[in-house]
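A short worksheet on the structure shown next.
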């Protein structure tokens, strides 16, 4: 079971925190600080597994983390999860974020914290791994966003317009029209 | 800020705050605005407000006032608001809050909603924070969703079912048939969830486990499909087809195949196939391989397969990738108990990993090395471990130290080696060893009497070099106190002797006493050691007297008490000093272990005359770094016929002797010794009451004692009771007395039989307390019986 998922930057500021077990608020912040403290001491060429956090409880738990540019993605798991599997899962999650936000960077995570939560909800649910297929996750997130926008009031209007244009399906223009022996090549138009 | 200002705007403002104080101010203003908005009637910006609140919550500010808003938003018909409401519920609510009960109904309605996204929100929230009651209420709904819905919902419903089973294990039976049916699904997400559910069910209930054993062929079939299938763009990660699902299935197979031959047989071929065909160059392949290895080792697999598995782990161990090395050590740890020899083959590599820079790898290597220590390799392993101890990271030091002690204790090839090892550990990692190390070590030292000389020389050297490591200093002080004479003699076969004078030794002890680095316990040790030396050395006794008297006015109460009592020893009881301070007897292993643990509670309790097994009083005092009574210092003299030293048996270790027992063990009470006469002996005589003791059937380990009480005074005595206490390891059984009234002028007597069982042949002593009512007032008195008229002593 995954106990917690933490994303924080190189200075320890939290960008996303998700606990799958109840901890009081101060304890949550303490855990973030302790985890940051442990993880930031690590070199880049050591292994991605850490043990020894005392707050998040017990001997069964380890921290599996990956460092991407300015962000640390830390999953706190117990022994029922495969460690290498979780490493791959972090990769899947990051690639999904990349797809959903188009070249995701830290600012995206900062300003769209709720969207990141919704994406995470499609990957991990209740501390268990839900879906590992990136395309499936992205598709579901897209559908949900569409549903949100279809309801949206005034505030969603500008975003709606842009997404409406983006999603407009232009009819497919055949490039080669074969009429018997004559080959007419139609110049390719750039997509909208 | 207006309510419709979006989340991004607020975040921008917070980020532009330049100091922590400014940020706090901004956030407080925002929270106040949000709170005001929550109190108002419905406005369009509710979801934005909650989103802002959640952001603020992530930064660590209190957000509990948003809980009711979450409940309201969840009940809203709009998807936007529901979404944020559910997210808020998962972040802010948990089963301890009352508000969480209010959302049960909303969840129930949403589970039956027409839109699958609303259903999925409800499922997600239930799986994250569903309490036991909520789970019980909604379990039938979940079961329905498990059977008939889209695969998107099915997969979420299975994980929700796992959460329900964790919260309310009895509901597992409800989900078993649905889980079984889900194995036929094609969708990998649903299959993955189903495997997790089945794993959870099997782990909780053995009957379900037996049921699911029948599903092993089906699982094998699915797995084979995954392994042999070609490239599938959806699920392939680095050339492996859905490694996540493969790992899950392998784990489930492990649970099903454990201790079961038929299931294990069914899996053998598959496991061999996976082990040989999987490409382990990338992480995904390695994950599958190592899961396969663990499964092979856990089930009843054929020996060829086991060999293959251990070889795979060995290959992993030599891999350059640190992650793989870490994982292989974790796996080896799991199998080291069962396949010890196989793992021993890789000992060299593991020991090399102790020197790796990575702290996690070091930790794993330490655990594994400690597990691999055996009688054959103890010397070389210990060398490596001691080297490791001197360079290891501080968080591992105490674990390493205790591991080394355990290993040394189990496999020490010689006493001297053992003592050397312990001394080495104390000098390198002295601050991190556990408390019971000191008494254990002292006990070890007393037991190896031929090495006393050697030990004390080494310890003296260590003490002079460095007095900062408390356990080392404590042991050194104790040894110098005990064996100071061999130190002074200046000759030793085993090691280069140290040429010291008495002054040098006293200087060393005084340094410890005065140093600010010494803990109070250490000071206690040093003072006692100084005192003991007064009988071992000849010239500087005055110096010792002056040291001791200085500490008579020390602020530390413990030191002061000791010093005052030692002073008393010098002044009033000088004739006893030699006997009191003579060498300690060899300690019994079990007694040293027990006193530390149980004496706090059990050792000192009310004594009742009719209880068959009485709590015993410790006789042999133990040196310990705890608060010691005066009586601790005095070793119960071995020779019972020594006159005058009838100072009572020591109180229990912690000195927190219950009030009663402290009364029993009065200070330096001198009671008359008894001649060793086998007839009835008068042990107590006061104000007319006379207590006689006679021994019958003096067998080796057990004897019967009869206590007879008579009353020679002029007044009747009523409510006459006797209570008795004996040393540890002696069992006492008091039979019912013949009566409790002692009429005057010895016209009748009261007898009571006492059975003593002394299996360890410790020196037998008994302390008896009499209490009676005479002339309307209660009288209590105590008598110490040190020698019993019995040849079996």
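Every number here is computed from the coordinates shown, using simple stated rules; none is lab data. The structure displayed is predicted, hence computed values, not measured ones. FYI the Cβ positions are ideal-geometry reconstructions off the backbone, even for glycines, and counts take in every protein chain you see.
A few points about this structure:
- Relative contact order computed over the range B:714-784 (Cα-Cα under 8 Å; 6+ residues apart), in percent: 39
- For the range B:191-275, the calculated P(r), taken from all Cα-Cα distances in 10 Å bins from zero up to the bin holding the longest distance, is 17, 51, 26, 6 percent.
- Nearest-ten-degree value, helix B:470-489 long axis tilted from longest Cα axis of chain B: 30
- When B:397, B:52, A:13 are arranged by Cβ crowding within 10 Å, least crowded first, meaning fewest neighbours, the order is A:13, B:397, B:52.
- Peptide A:40-51 is shielded by partner chain Cβ atoms: per residue, an average of 5 of them sit within 10 Å of its Cβ.
- For chain B, a/c is not less than 1.5, where a ≥ b ≥ c are the root eigenvalues of the C-alpha gyration tensor, and a/b tops b/c. That puts it in the prolate class.
- Each residue in A:92, B:541, B:473, A:77 was given a count of other beta-carbon atoms within 10 angstrom of its own, and listing them fewest first yields B:541, A:92, A:77, B:473.
- Rounded to 10°, Cα long-axis angle of helix B:322-335 versus longest principal axis of chain B: 60
- Averaged over B:321-328, number of beta-carbon atoms from partner chains that fall within 10 Å: 4
- Using the average count of surrounding beta-carbon atoms within 10 Å as a protection proxy, the listed peptides B:556-565, B:117-126 rank, highest first, as B:117-126, B:556-565.
- Rounded if a/c under 1.5, otherwise prolate or oblate - the range B:406-496, Cα gyration tensor axes: oblate
- Shape category assigned to the range B:329-421 from the gyration tensor of Cα positions, a/c cut at 1.5: oblate
- Seen against the Cα atoms of chain B and their longest principal axis, helix B:132-147 is set at about 40 degrees.
- Length-normalised contact order for chain B - Cα pairs under 8 Å, 6+ apart - percent: 5
- Peptide B:117-127 shows a mean partner chain C-beta count of 3 within 10 Å per residue C-beta.
- Going from the residue with the fewest nearby Cβ atoms within 10 Å to the one with the most, A:105, B:353, B:453, B:477 rank A:105, B:453, B:353, B:477.
- Chain B: calculated mean residue ellipticity at 222 nm from DSSP helix runs of at least 4, using -39500 (n - 2.57): -18000 deg cm²/dmol
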